[in-house]
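Asks: One structure follows; several queries about it will come next.
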Amino acid sequence: MASKMRSAGVDQHDPQQRNRLGAALGALIEEVATSKQDFLVKAAERDGFVFADGVFRPAGTAPSAFAVTRVEELASIDERGRRLYLLANDSPNDAIAGAKELVESVCRTAGFELVPIAGDDAKESAAVRRCLQQLADVIARLGEVRNLAPRHARVAVGAAVTFTGFVAETYVKRK
């Protein structure tokens with residue numbers, strides 16, 4: 001007699017499945033060696049979860065949850081980007097608001113005013129400035145669109161992660 005196997009995958013866009021996964025992972029944390037707990041919690045946080053009260057829950061979706069407020073946080077841009085990409089499917093408006101907050105907060109934190117020094121070549125620096133301005137414009141203009149689809153949000157998130165990654169690397173290079 002052949003038995004049908006059920007898929008073991010989890011649809012991270014389904015809130016019920018996400019919550020069940022969070023509870024299961026929380027229980028797992030209690031079972032693993034103490035030396036592994038910190039590693040597992042940090043890995044889940046990079047994927048958009050927070051660990052509280054013994055349960056993993058999806059991280060906040062408020063735009064401020066994506067803000068960078070300290071120079072040390074510049075290294076976490078990719079993590080915020082992964083969370084924004086997940087959010088883009090469920091809530092395109094929130095993802096775009098988060099992308100805008102990420103860009104604005106990174107610029108504030110790094111003291112960046114769209115005047116990067118790409119090299120000694122003035123022509124090269126001007127080209128980089130134009131590219132960065134266009135990435136910032138993509139994010140701002142998509143925020144004005146009504147009836148946003150997840151694909152619109154993914155474009156804004158991609159532009160924000162690219163922009164903020166460049167700004168953070170430029171900041172580190174200058175320091």
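Asks: Of everything in the range 52-80 that's buried (at least 21 other Cβ atoms within 10 Å of the Cβ) and not β-branched (Val, Ile, Thr), which residue is farthest from the chain's Cα centre (by Cα)?
Replies: 56
Results for (1) modelled with pLDDT of 85 or more; (2) out of contact with any Ser or Thr (no Cβ under 8 Å at 6 or more places or on another chain); (3) closer than 23 Å to residue 86 by Cβ; (4) of a type in the set (Gly, Ala, Ser), shown as yes or no for each residue.
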| residue | (1), (2), (3), (4) |
| --- | --- |
| 118 | no, no, no, yes |
| 121 | no, yes, no, no |
| 131 | yes, yes, no, no |
| 137 | yes, yes, no, no |
| 145 | no, yes, yes, no |
| 158 | yes, yes, yes, yes |
| 164 | yes, yes, yes, no |
| 169 | yes, yes, no, no |
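Asks: Okay, moving on. Would you mind finding the one in 52, 33 that is outside the structural domain of residue 91 (by TED's automatic domain parsing) and either closer than 27 Å to residue 75 by Cα or at pLDDT 80 or above (or both)?
Replies: 52
Asks: Additional query: Could you go through the range 56-75 and let me know if any residue there is more than 30 Å from residue 138 (Cα to Cα) and modelled with pLDDT under 80. I'd like the intermediate steps shown before the answer.
Replies: We begin by selecting, within the range 56-75, every residue more than 30 Å from residue 138 (Cα to Cα); these are 56-57.
From what is left, the residues that are modelled with pLDDT under 80 are 56-57.
Yes - at least one qualifying residue is present in the range 56-75.
The values are calculated or read from the model by the stated rules, or taken from the named source; none is laboratory data. This one's a predicted model, so the numbers in the text were calculated from it and none came from an experiment. No Cβ is skipped: glycine too gets one built from the backbone with ideal geometry, and neighbour counts run over all protein chains shown.
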